[in-house]
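Peer 1: Let me begin by handing over the structure; questions about it come next.
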Amino acid sequence: MKKRLLAVLTGVALGVGLVLAFTSPPDLLQGDFVRILYIHVPSAWLAFLAFGVTAAASIGWLFTRRMSWDRAAEASAEIGVLFTAIALATGMIWGKPVWGTYWDWGDARLATTAMMFFVYLGYLALRRTTVDPRLRARRSSVLGAVAVVQVPLVYFSVKLWRTLHQGLTIRPDGIQMDGAMVSALLVNLAAFTLLYATLLVYRTALARMEEAAAAERAPARSPVTVPRLGEAEA
């Protein structure tokens, strides 16, 4: 019941966010192309949130050895990879009309985001190539705890290096956006956060069912005894 309620709230929030995204004013320079902002930025935020949760859950497993932490780490990493891909795709679509190019490896934000994407793809690949659950949890938890250092690197890349990507729009010294655009962006950020929570709840529940099914399929281990020499001759 709680999962269904969360899913309904997520659907409503996403609907409200979609309406605000289409009714907010266009940008003075970019025009209606700026509306990609309402998907691009929340997707990037979800990637940061998901990888942060993966790191926290990985550390939780290292301290407790409870498999529930490992399930949460895996589920969150999968969601993070999905929304990193969406952030990259929407950024490329946005970049073509605004920058004149889909991609520029010289841009710090693009390069660091791509690197983060491939590192977490490697995290998921590591999990797929390790059969033993405990060994898989130990290996992936170390990587999951360490790989999160990329999140602040990606976020602050526009301040550390002045390249093609624009700087931070919402910062402590002021907001460089129209009020209606800020409201639409904040609503979509909240809606995407609810979407993350919904996906995480359902994915961890699916992981528990997968583990239970695997345990049922595993053959029961019978004790193996070494026959005595006399018995073997007989």
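Peer 1: Is segment 188-201 home to any residue that is crowded, with 18+ Cβ neighbours inside 10 Å, of a type in the set (Gly, Ala, Ser), touching a Lys or Arg at 6+ places or on another chain (Cβ under 9 Å) and at pLDDT 75 or above?
Peer 2: So far as segment 188-201 goes, no, none of its residues is crowded, with 18+ Cβ neighbours inside 10 Å, of a type in the set (Gly, Ala, Ser), touching a Lys or Arg at 6+ places or on another chain (Cβ under 9 Å) and at pLDDT 75 or above.
Peer 1: OK, next. For segment 24-34, indicate whether the set of residues that are surrounded by 15 or more Cβ atoms within 10 Å (Cβ to Cβ), charged (D, E, K, R) and either closer than 21 Å to Val142 by Cα or in contact with a helix residue (DSSP H, G or I) (Cβ under 7 Å, 6 or more places away or on another chain) (or both) is non-empty.
Peer 2: We begin by selecting, within segment 24-34, every residue surrounded by 15 or more Cβ atoms within 10 Å (Cβ to Cβ); these are 24, 27, 33-34.
Adding the requirement that they be charged (D, E, K, R) leaves 27.
From what's left, either closer than 21 Å to Val142 by Cα or in contact with a helix residue (DSSP H, G or I) (Cβ under 7 Å, 6 or more places away or on another chain) (or both): 27.
Yes; the residues of segment 24-34 include at least one that is surrounded by 15 or more Cβ atoms within 10 Å (Cβ to Cβ), charged (D, E, K, R) and either closer than 21 Å to Val142 by Cα or in contact with a helix residue (DSSP H, G or I) (Cβ under 7 Å, 6 or more places away or on another chain) (or both).
Peer 1: Right, something else. One residue is enough: does segment 163-176 have a residue meeting the conditions open to solvent by 30 Å² or more (accessible area, probe 1.4 Å), assigned to a helix (DSSP H, G or I) and either modelled with pLDDT of 90 or more or not charged (D, E, K, R) (or both)?
Peer 2: No, that holds for no residue.
Peer 1: Hey, any hits in segment 100-109 for a residue that's of a type in the set (A, V, I, L, M) and buried (at least 19 other Cβ atoms within 10 Å of the Cβ)? Outline the logic, then answer.
Peer 2: Going through segment 100-109, the residues of a type in the set (A, V, I, L, M) turn out to be 108.
Now narrow it down to the ones that are buried (at least 19 other Cβ atoms within 10 Å of the Cβ): 108.
Yes: one or more hits.
Peer 1: Still on this structure: Kindly indicate whether Gly144 is outside any helix (DSSP H, G or I) and touching a residue at least 40 places away in the same chain (Cβ under 8 Å).
Peer 2: Numbers: outside any helix (DSSP H, G or I): no; touching a residue at least 40 places away in the same chain (Cβ under 8 Å): yes.
Answer is no for this residue.
Peer 1: Of all residues being open to solvent by 10 Å² or more (accessible area, probe 1.4 Å) and hydroxyl-bearing (Ser, Thr, Tyr) in segment 53-87, which is farthest from Leu206 (Cα to Cα)? Just the residue, please.
Peer 2: Thr64
Peer 1: Please name all residue pairs, on different chains or six or more residues apart, with Cβ atoms under 6 Å, provided the first residue is in segment 114-126 and is touching a residue at least 24 places away in the same chain (Cβ under 8 Å) and within 13 Å of Ala145 (Cα to Cα) and the second residue is open to solvent by 50 Å² or more (accessible area, probe 1.4 Å) and not aromatic (Phe, Trp, Tyr).
Peer 2: Close Cβ pairs (under 6 Å, with a partner that is open to solvent by 50 Å² or more (accessible area, probe 1.4 Å) and not aromatic (Phe, Trp, Tyr)) amount to Tyr123/Leu143.
The values are calculated or read from the model by the stated rules, or taken from the named source; none is laboratory data. What you see is a predicted model, and the numbers here were worked out from it, not measured in a lab. Using ideal geometry, Cβ is built from the backbone for each residue, glycine included, and neighbour counts are taken over all protein chains shown. Each accessible area value is taken on the protein alone, full model and side chains, heavy atoms only, with ligands, DNA and RNA left out. Shrake-Rupley method; radii C 1.70, N 1.55, O 1.52, S 1.80 Å.
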